[in-house]
């Protein structure tokens with residue numbers, strides 16, 4: 001998968017490698033497959049165009065992508081990705097596709113991704129971008145993903161890129177045995193913790209991965225129903 005190397009640039013490649021070295025690996029992400037995925041995917045392609053695009057794309061911070069949504073800080077994306085321990089054979093459900101950047105990272109690390117986005121304009125743009133860069137193992141769906149997508153379950157991993165007030169039990173029920181769910185839990189405008197849940201024969205195991213800051217999960221299992229729920233197609 002070439003990820004539009006014809007429009008990539010030496011400047012972007014330098015910034016990307018520096019991002020991986022100084023922001024991701026230096027903070028403890030060690031899985032080489034994950035690090036290589038972050039070196040390969042041009043993050044700047046998944047941000048809206050504008051002044052100082054390169055500097056913003058590879059900065060150590062979240063960035064706005066429109067509709068009140070963000071593309072997460074590179075380290076946080078890498079932390080969540082590594083925590084899922086992907087081997088390349090997994091089917092993943094991603095809730096909150098946003099720009100499609102996380103989906104592009106996943107495309108190099110697993111077998112299949114279904115990514116749900118509740119903002120129609122972002123879903124359309126993410127799908128178009130992923131098609132343009134040659135991703136063939138992912139699909140973007142428009143709708144309320146807070147309850148997952150039972151029709152395609154079970155999943156080896158589920159990632160939620162928005163904070164929920166509590167763990168949606170419907171998501172845990174859609175995991176395979178040994179499946180992993182990662183998501184932030186906390187307040188809409190307050191403390192949030194990134195939690196990893198693993199479904200084992202003995203029950204659900206929980207691991208706290210630290211403090212994070214995410215936009216709220218809007219939907220039936222989040223912070224209320226979206227106003228445009230009737231227009232959604234899942």
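The values are calculated or read from the model by the stated rules, or taken from the named source; none is laboratory data. On a predicted model such as this, the values are computed, not experimentally measured, just so you know. Using ideal geometry, Cβ is built from the backbone for each residue, glycine included, and neighbour counts are taken over all protein chains shown.
Answer yes if at least one residue in segment 151-162 is crowded, with 17+ Cβ neighbours inside 10 Å and assigned to a helix (DSSP H, G or I), and no otherwise. Within segment 151-162, none of the residues are crowded, with 17+ Cβ neighbours inside 10 Å and assigned to a helix (DSSP H, G or I). Pairs linking a residue in segment 167-179 that is without any contact (Cβ under 8 Å) to a residue 24 or more places away in the chain to a residue that is assigned to a loop (DSSP other than H, G, I, E, B) and surrounded by fewer than 14 Cβ atoms within 10 Å (Cβ to Cβ), with Cβ atoms under 9 Å and 6 or more positions apart or on different chains, are 178/201. The residue that is surrounded by the fewest Cβ atoms within 10 Å (Cβ to Cβ), counting only those in segment 200-234 that are at pLDDT below 90 and outside any loop (DSSP other than H, G, I, E, B), is 230.
Taking (1) assigned to a helix (DSSP H, G or I); (2) surrounded by fewer than 21 Cβ atoms within 10 Å (Cβ to Cβ); (3) touching a residue at least 24 places away in the same chain (Cβ under 8 Å) in turn, residue 131 satisfies each apart from (3). Every residue in segment 48-62 that is touching a helix residue (DSSP H, G or I) at 6+ places or on another chain (Cβ under 6 Å) and either loosely packed, with under 13 Cβ neighbours inside 10 Å or without any contact (Cβ under 8 Å) to a residue 40 or more places away in the chain (or both), please. Matches in segment 48-62: 53, 60. Of all the numbered requirements in (1) out of contact with any helix residue (DSSP H, G or I) (no Cβ under 8 Å at 6 or more places or on another chain); (2) over 20 Å from residue 209 (Cα atoms), residue 39 misses one, and that requirement is (1). May I ask you to say which residue of 116, 140, 185 is touching a helix residue (DSSP H, G or I) at 6+ places or on another chain (Cβ under 7 Å) and surrounded by 18 or more Cβ atoms within 10 Å (Cβ to Cβ)? Step by step, each of 116, 140, 185 is checked, and only 140 is touching a helix residue (DSSP H, G or I) at 6+ places or on another chain (Cβ under 7 Å) and surrounded by 18 or more Cβ atoms within 10 Å (Cβ to Cβ).
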